[in-house]
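Chemist: The structure's right below; bear with me while I get my questions together.
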Amino acid sequence: MKPIRSLPALSGLLLLLLLTALPALAQSLYNAERFQALTSDRRAIAVGDSLTVLVFENASASQSADTVTEKSSGINVGVGANARNYSARGSVGDESTGKGRVQRSGRLAAQITVTIAEVTANGDLRIAGKQHIVVNGETQLLQLAGRVRPADVSDTTTIASTRIADAEITYVGDGMLADRQRQGALTRFMNWLGL
């Protein structure tokens, strides 16, 4: 009869078998929140993903008002005495006409890549981003924020700005050209006085 192996050798073998079985207890690589099938589009759907917004905004407003008022009054007084006849006549009138028109329009076309900041409870995506452009000392700042439905995101991870709910789009410029477009201090004071 062969000698029985020593207990330390058997415990080492048993330990080796247990260590090879441990990876089966590790966490899965599958993440249900970020899973996309191999045949699906690679759309932006999670916090931190980038999304390109195609900004095409046209806004116009027009208002006009016409007012015409007219008021007239008259007084006639007459006195007669045999051969002499005295009379007096008077009239008062007031007329005014007013017209006014306000018209304003604006157009903005741009592209900006934003980041998904939050996925709301109903699955909507909160987006936010900004873009600074400096050309010859002129600074242009475009900021965009809003809420997007994932179904509105195209397979190229773009979305039109008209499909953004609660959209906040800000486009401002700063520099010599922007300064030249502002009214001077004297003009602003005269406007304040109503002159």
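Chemist: Count, please, the residues in region 119-132 that happen to be surrounded by 12 or more Cβ atoms within 10 Å (Cβ to Cβ), within 15 Å of Ala46 (Cα to Cα) and not basic (Lys, Arg).
Modeler: First pass over region 119-132, keeping only residues surrounded by 12 or more Cβ atoms within 10 Å (Cβ to Cβ): 119, 124-131.
In the following step, the residues that additionally are within 15 Å of Ala46 (Cα to Cα) were identified as 119, 124-128.
Add one more test, that the residue is not basic (Lys, Arg), and what stays is 119, 124-125, 127-128.
Of the residues in that region, 5 qualify.
Chemist: Now for a different question. Report yes if Gly146 is exposed (fewer than 13 other Cβ atoms within 10 Å of the Cβ), out of contact with any helix residue (DSSP H, G or I) (no Cβ under 6 Å at 6 or more places or on another chain) and either in a strand (DSSP E or B) or not hydrophobic (A, V, I, L, M, F, W, C) (or both), otherwise no.
Modeler: Values: exposed (fewer than 13 other Cβ atoms within 10 Å of the Cβ): no; out of contact with any helix residue (DSSP H, G or I) (no Cβ under 6 Å at 6 or more places or on another chain): yes; either in a strand (DSSP E or B) or not hydrophobic (A, V, I, L, M, F, W, C) (or both): yes.
No.
Chemist: Something else now. Being surrounded by 12 or more Cβ atoms within 10 Å (Cβ to Cβ), part of a strand (DSSP E or B) and of a type in the set (D, E, K, R) is the requirement here; does Arg107 meet it?
Modeler: Working: surrounded by 12 or more Cβ atoms within 10 Å (Cβ to Cβ): no; part of a strand (DSSP E or B): yes; of a type in the set (D, E, K, R): yes.
Here the answer is no, as Arg107 does not meet what is asked.
Chemist: Right, another one. Based on this model, can you work out whether Val135 counts as out of contact with any His (no Cβ under 6 Å at 6 or more places or on another chain), under 22 Å from Ala59 (Cβ atoms), modelled with pLDDT under 95 and loosely packed, with under 11 Cβ neighbours inside 10 Å? Give the steps one after another, and end with the answer.
Modeler: Values: out of contact with any His (no Cβ under 6 Å at 6 or more places or on another chain): yes; under 22 Å from Ala59 (Cβ atoms): no; modelled with pLDDT under 95: yes; loosely packed, with under 11 Cβ neighbours inside 10 Å: yes.
In short, no.
The values are calculated or read from the model by the stated rules, or taken from the named source; none is laboratory data. A quick note: this is a predicted structure, and the numbers were derived from the prediction, not measured. Note: ideal-geometry Cβ built from the backbone for every residue, glycine included; neighbour counts use all protein chains shown.
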